[in-house]
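The values are calculated or read from the model by the stated rules, or taken from the named source; none is laboratory data. Here the structure is a predicted model, which means the values were calculated and not measured. Here the Cβ positions follow ideal geometry from the backbone for every residue, glycine too, while neighbour counts run over all protein chains shown. All accessible areas refer to the heavy atoms of the entire protein, side chains included, with ligands and DNA or RNA removed. Shrake-Rupley method; radii C 1.70, N 1.55, O 1.52, S 1.80 Å.
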Amino acid sequence: MNRICPRCRKVYSYNLKGCPNGCNKKTRTESNRIYDKCQREHQSFYNSKEWKRLREACKNRFSNLCLWSLYKHKRVVTGTTAHHIVPLSEDKLKGSLLSNLVYLSDEAHREIHKLYESNQTGTIKEIREFIQVWEVETEGRGI
Ligand SMILES: [Zn+2]
Ligand SMILES: [Zn+2]
């Protein structure tokens, strides 16, 4: 039996502990970094009732799907995380806006944070475009 590395798409045997390209470790390091940046300094916000409500609203808005996987990689993947398009650290007021949230899988979340470090404007623009496509596609449904 083989499995596929979600990070580099390498196919490898189940007998191996992780991806032979060392992706497990890289992913762990990145997750920790995201946690540090996104969560730690805003812990009270992320523990608030308001955030729980927002996160649910975001999940519902995108039907529990990872928007980035859907449009960037043409893959249907369940999301796990509500991500601030403009980070909380940069604009606290936007932190509570549903329009500033997108639903993502862990994998896509890491990818976006990495992308954001090298191209902030481009990353934000791309996510907003995907949301627009989603809005257009879902509006036509059931009417
Ligand atoms: Zn890999
Ligand atoms: Zn994030």
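Just grab the label-to-label distance for GLU30 and ASN15, each label 7 Å out from Cα along the Cβ direction, in nm (one decimal).
It works out to 2.9 nm between the two label points.
Helix 106-118 against the longest principal axis of the chain: what's the angle in degrees, Cα atoms only, rounded to the nearest 10?
For helix 106-118, the angle is close to 80 degrees.
Which percent of the accessible area of region 1-41 is formed by carbon and sulfur heavy atoms (probe 1.4 angstrom)?
Reported share for carbon and sulfur atoms: 50 percent.
What are the trypsin sites (Lys or Arg not before Pro) within region 11-71 that DSSP puts in a loop, where the Cβ has at most 10 other Cβ atoms within 10 Å?
LYS17
Which GluC sites (Glu not before Pro) in region 47-123 sit in a loop by DSSP (not H, G, I, E or B) and have at most 13 other Cβ atoms within 10 Å of their own Cβ?
Values: sites: GLU50, GLU56, GLU90, GLU107, GLU111, GLU117; in loops: GLU90.
Passing both the DSSP loop test and the Cβ count: GLU90.
What accessible area per residue, rounded to a whole number of Å², is obtained for region 48-143 using a probe radius of 1.4 Å?
Ligands and nucleic acids excluded, the result is 57 Å² per residue.
Quick check: pseudo-label points 7 Å beyond the Cα along Cα→Cβ at ARG75 and THR138, how many nm apart are they?
About 2.1 nm separates the two model spin labels.
Multiply the residue separation of GLU90 and LYS125 by 0.36 nm, subtract the distance between their alpha-carbon atoms, and state the gained length in nm to one decimal.
11.0 nm is the gain from fully extending GLU90 to LYS125.
Please report the accessible area of ASP91 (heavy atoms, 1.4 Å probe, ligands and nucleic acids excluded) in Å², nearest 10.
In the full protein context, ASP91 sits at about 40 Å².
Go through LYS74/LYS125; LYS94/LYS114; LYS25/LYS94; LYS25/LYS114; LYS92/LYS125; LYS49/LYS92 and tell me which ones have a Cα-Cα distance over 25 Å in this structure.
Over 25 Å Cα-Cα: LYS25/LYS94.
Quote the charge dipole size of the chain about the Cα centre in Debye, to the nearest 20; the model charges only the Cβ of Lys and Arg (+1) and of Asp and Glu (-1).
620 debye
Rounded to the nearest 20 debye, what is the charge dipole size of region 1-41 about its Cα centre when +1 sits on each Lys and Arg Cβ and -1 on each Asp and Glu Cβ?
Its charge dipole is roughly 140 debye.
Of ILE131, LEU104, VAL86, which is farthest towards the positive pole of region 48-143's charge dipole, taken about the Cα centre with +1 and -1 on the beta-carbons of Lys, Arg and Asp, Glu respectively?
Working it through, the farthest residue towards the positive pole turns out to be LEU104.
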